[in-house]
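Each remark here refers to the structure printed beneath this line.
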2 protein chains.
Amino acid sequence: MTPSNVLSALRFNETGLIPAIAVDHQTDAVLMMAWMNPEAIERSIETGHAHYFSRSRQTLWHKGEQSGHFQEIKSLHLDCDGDVLLLKVQQVGGIACHTGRAHCFYRQYIDGQWTETDPIIKDPSEIYPDV
Amino acid sequence: MTPSNVLSALRFNETGLIPAIAVDHQTDAVLMMAWMNPEAIERSIETGHAHYFSRSRQTLWHKGEQSGHFQEIKSLHLDCDGDVLLLKVQQVGGIACHTGRAHCFYRQYIDGQWTETDPIIKDPSEIYPDV
């Protein structure tokens with residue numbers, strides 16, 4: 001059971017969510033940003049695996065439940081305003097992005113356009129064979 | 001003038017904003033997360049200094065305009081869904097947080113409570129003498 005003071009320090013937005021940034025616990029490289037509701041935070045703390053709230057599916061999302069690319073939480077941090085979480089994680093499989101890349105920020109602004117800078121490590125059709 | 005294709009790739013939320021994560025360009029350490037509107041993005045690209053949209057003041061916010069702690073943008077990145085920006089920056093003065101700390105994520109979840117883990121580098125009353 002997560003202590004009540006942990007959630008009460010957080011400022012959720014008008015839809016009951018808080019942004020959560022996941023970074024590699026060894027390199028600090030930003031892997032992704034997603035959203036959590038109180039249940040996702042509780043489940044993350046209890047299980048040690050990152051859980052988010054899927055806004056598109058409007059449901060709890062155990063990251064890696066389909067792909068096997070779980071995120072093992074090494075530490076959990078909160079910002080000054082209490083409205084952003086930071087997770088330092090071990091990214092299982094080395095792939096955080098549903099496009100099959102190590103992280104989600106694979107487009108960079110170069111000379112006036114978004115340019116893909118990071119390779120696909122694994123074909124998404126192999127990651128999500130049943131989708 | 002920022003090319004129109006740059007903004008059209010972005011998915012702003014229902015209030016016209018997009019989250020922007022600022023990290024140290026050398027260490028990747030997450031400094032803060034704030035929000036941008038199209039004007040903030042345009043100004044950031046044009047000037048090379050991070051501009052955000054202050055939700056509390058509902059106005060464009062040139063980060064460092066009061067403190068001198070500007071953020072010089074080294075590169076700008078976009079995530080897979082087009083709804084999160086990542087800025088790799090040189091943090092002038094080494095202080096990103098209005099509390100006088102290097103970054104905003106100075107609270108860590110330890111043994112059931114949020115514990116302060118990072119020191120105040122400079123007293124906020126010295127950073128914002130006129131506020």
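The values are calculated or read from the model by the stated rules, or taken from the named source; none is laboratory data. Because the structure is a prediction, the values reported are computed rather than measured. Backbone-built Cβ (ideal geometry, glycine too); neighbour counts: all protein chains shown.
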Applying the selection to segment A:103-115, what residues are in a strand (DSSP E or B) and either aromatic (F, W, Y) or closer than 17 Å to A:A29 by Cα (or both)? A:R107, A:Q108, A:Y109, A:W114
With the checklist (1) without any contact (Cβ under 8 Å) to a residue 24 or more places away in the chain; (2) part of a loop (DSSP other than H, G, I, E, B); (3) more than 14 Å from every other protein chain (Cβ to nearest Cβ) in hand, flag the one item B:E14 doesn't pass. (3)
Going by the structure shown, is A:Q58 at pLDDT 95 or above, surrounded by 20 or more Cβ atoms within 10 Å (Cβ to Cβ) and out of contact with any Pro (no Cβ under 8 Å at 6 or more places or on another chain)? no
Kindly indicate which of A:E72, A:E42 is surrounded by fewer than 19 Cβ atoms within 10 Å (Cβ to Cβ), part of a strand (DSSP E or B) and more than 11 Å from every other protein chain (Cβ to nearest Cβ). A:E72
Could you go through segment A:75-85 and let me know if any residue there is part of a strand (DSSP E or B) and surrounded by fewer than 16 Cβ atoms within 10 Å (Cβ to Cβ). yes
Taking the stated definitions as given, is B:V89 at the interface with chain A (Cβ under 9 Å from one of its Cβ atoms), over 18 Å from A:G112 (Cβ atoms) and modelled with pLDDT of 95 or more? no
Select from segment A:35-73 the residues that are within 18 Å of A:A9 (Cα to Cα), small (G, A, S) and in contact with a Phe, Trp or Tyr (Cβ under 7 Å, 6 or more places away or on another chain) and list them in ascending order. A:A40
Report yes if some residue within segment B:77-97 is in contact with a helix residue (DSSP H, G or I) (Cβ under 8 Å, 6 or more places away or on another chain) and among the polar types (S, T, N, Q); otherwise report no. no
A:T27 vs. criteria surrounded by fewer than 14 Cβ atoms within 10 Å (Cβ to Cβ) and in a strand (DSSP E or B): no
Which ones in segment A:92-116 are more than 8 Å from chain B (Cβ to nearest Cβ) and polar (S, T, N, Q)? A:T115
Just to be sure I understand the filter: pairs with C-beta atoms under 9 Å, separated by 6 or more residues or on different chains, first member in segment B:21-35 and in contact (Cβ under 8 Å) with a residue 60 or more places away in the chain and more than 8 Å from chain A (Cβ to nearest Cβ), second member assigned to a loop (DSSP other than H, G, I, E, B) and of a type in the set (D, E, K, R). Which pairs pass? B:A22/B:K63; B:D24/A:D28
Taking segment A:59-90 and the residues there that are free of Cβ contacts under 8 Å to residues at least 24 places away in the same chain and in contact with a Leu (Cβ under 9 Å, 6 or more places away or on another chain), the one that is nearest to A:E42 (Cα to Cα) would be A:H77
Do we have A:H51 as over 18 Å from B:I110 (Cα atoms), surrounded by 15 or more Cβ atoms within 10 Å (Cβ to Cβ), in contact (Cβ under 8 Å) with a residue 12 or more places away in the chain and within 9 Å of another protein chain (Cβ to nearest Cβ) here? no
